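Enquirer: For reference, the structure I am asking about is given below.
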Amino acid sequence: MSIDRSNLDRLMDRAARVAARGHGLVEPGCMVGAVVATADGTVLAEDRYRRYGGPHAERTALEKAGDAARGGTLLVTLEPCDHHGKTPPCTEAVIASGVSTVVHACHDPNELAAGGTEALRRAGITVIHHPTPLTELLNAPHVHRTRTGLPWMIAKWAQTLDGRIATGSGHSKWISSTRSRRLVHRERGRVDAILTGVGTVLADDPLLTPRDLRRARRRPERVVVDDQLDTPLDAGLVTTAGDIPTTILCRMEASTSARAGEFLAAGVRVVGIDEASGLRGTLRAEAAGRRWSTMMVEGGGGLLGRLFRDGLVNRALVFSAPVLVGDESAPGPVRGLAPDSIESSIQLERLWSIERDPDRIELFRVAGGE
Ligand code: AOF
Ligand code: ZN
């Protein structure tokens, strides 16, 4: 019996779930999972890419399977690499293992590492491209980063049932439940940077650090979009900048002002937003320089409107609490877009939704992005 289509789906999704455990540890690399199975689909071994710079997933999975892999099938969420990077080419290990079939879910968008399919076929191995909805979700951040040079950006907000992120007087602690906020802290501990706007700094004086975790996988940098440098020098983000790298993105003229000097003296990086390429170009350059592969946005409507308008948001993670504010002066999550029809509004696709009593947590894909 050979592995049929539904078994391919099942085994590939298993590899995807194994891969996803690397979130927060493997970036700026890709989450990768591998399953080694016999010709009839019995699983022999599995492994994942565990940390950036470490051995690749298929290499360690094949090592675990040993000689039993001969004549079997390797399923891997990313096409095996064919280059000498931090590790030797996976294609060599795959060929040496004696597997007869390789099933992968995504051509490697990194040109340096690509070419695995051809190398394996030259060695007589059958190579099948078999993506699933789950592997598409898994690989989206790596594909996005490699193709655009932009960080993967998740916008997170908590809103009331009537779509408000605070009361009319600005009170917002807390809309979502303790359990929901714990989930946010966990995600904070897996991203490279948290982006916020000066409005949120003035309203909430946040620290944007991951808290109440046994161990955060990463300590995210903090980034404030603040055109005129209105952030107070005694804001929490500024006074802790010596411990946690903090950057303010401001207008180009402001970046050379005396006020910018005060932030620099406090240990805050001040970066002017490039006038020609805007926030998009500046984020791309900063992401490359600072190695920001994944960012979470925890801002108010002004910043989110700007990011949505510039097509910079990849996912929206929304916490809706069963609370009604009932005040038309209370702010919503996104401002300043003013579309004149529903068709021209930002369209989202719900990827998943869970209830964490009493909140509903939803993850959306932003149409037009990855
Ligand atoms: C694979 N299996 O598990 C991973 C791959 O710098 P290196 O040597 O680690 O290579 C990084 C590139 O290899 C990375 O950009 C991506 O294209 C690929 N990652 N490939 O065959 C793996 N993590
Ligand atoms: Zn590799």
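The values are calculated or read from the model by the stated rules, or taken from the named source; none is laboratory data. Keep in mind it's a predicted model, so treat the numbers as computed, not measured. Cβ sites come from the backbone with ideal geometry, for glycine too, and all protein chains shown count toward neighbours. Keep in mind that these areas ignore ligands, DNA and RNA; they rest on the heavy atoms of the full protein, side chains included. Shrake-Rupley method; radii C 1.70, N 1.55, O 1.52, S 1.80 Å.
Enquirer: Applying 1/(1 + (r/R0)^6) with R0 = 56 Å to the Cβ-Cβ distance of Ser329 and Asp67, what FRET efficiency is obtained, to the nearest 0.05?
Expert: 0.20
Enquirer: Going by Cα centres, the range 197-214 and the range 333-369 are how many Å apart?
Expert: 23 Å
Enquirer: What percent do you get for the relative contact order of the range 149-366 when only Cα pairs under 8 Å and 6+ apart count?
Expert: Once normalised by length, the contact order is 32 percent.
Enquirer: Under 14 Å from the Cβ of Asp108, count the other residues' Cβ atoms, weight Lys and Arg +1, Asp and Glu -1, and hand me the total.
Expert: Result for the local shell: -3.
Enquirer: What FRET efficiency do you get for Ser2 and Glu92 if R0 is 30 Å and r is their Cβ-Cβ distance, rounded to the nearest 0.05?
Expert: It comes out at approximately 0.70.
Enquirer: Using the heavy atoms of the protein chains alone and a 1.4 angstrom probe, what is the accessible area of the chain per residue in square angstrom?
Expert: In whole numbers, the chain has 46 Å² accessible per residue.
Enquirer: Something else: When DSSP beta bridges are limited to those with both residues in the range 149-366, what percentage is antiparallel, rounded to the nearest 5?
Expert: If we restrict to bridges inside the range 149-366, about 35 percent are antiparallel.
Enquirer: Continuing with this model, one more query. Among the lysines, which have Cα under 29 Å from the Cα of Lys173 when same-chain residues fewer than 8 positions away are ignored?
Expert: By straight Cα distance, Lys173 reaches Lys156.
Enquirer: Using 0.36 nm times the number of residues separating Thr256 and Leu161, minus their current alpha carbon distance, what extension gain do you get?
Expert: In short, 29.9 nm is gained.
Enquirer: Estimate the FRET efficiency between Ala39 and Asp357 by the formula 1/(1 + (r/R0)^6), using the beta-carbon distance for r and 56 Å for R0, to the nearest 0.05.
Expert: Approximately 0.75, to the nearest 0.05.
Enquirer: Right, here's the next one. If you take the square roots of the eigenvalues of the alpha-carbon gyration tensor of the chain and sort them as a ≥ b ≥ c, do you get rounded (a/c under 1.5), prolate (a/b over b/c) or oblate?
Expert: Taking the square roots of the gyration eigenvalues as a ≥ b ≥ c, the chain is prolate.
Enquirer: Keeping all protein chains in position, work out how much accessible area Ser257 exposes to a 1.4 Å probe, and write it in Å² to the nearest 10.
Expert: 40 Å²
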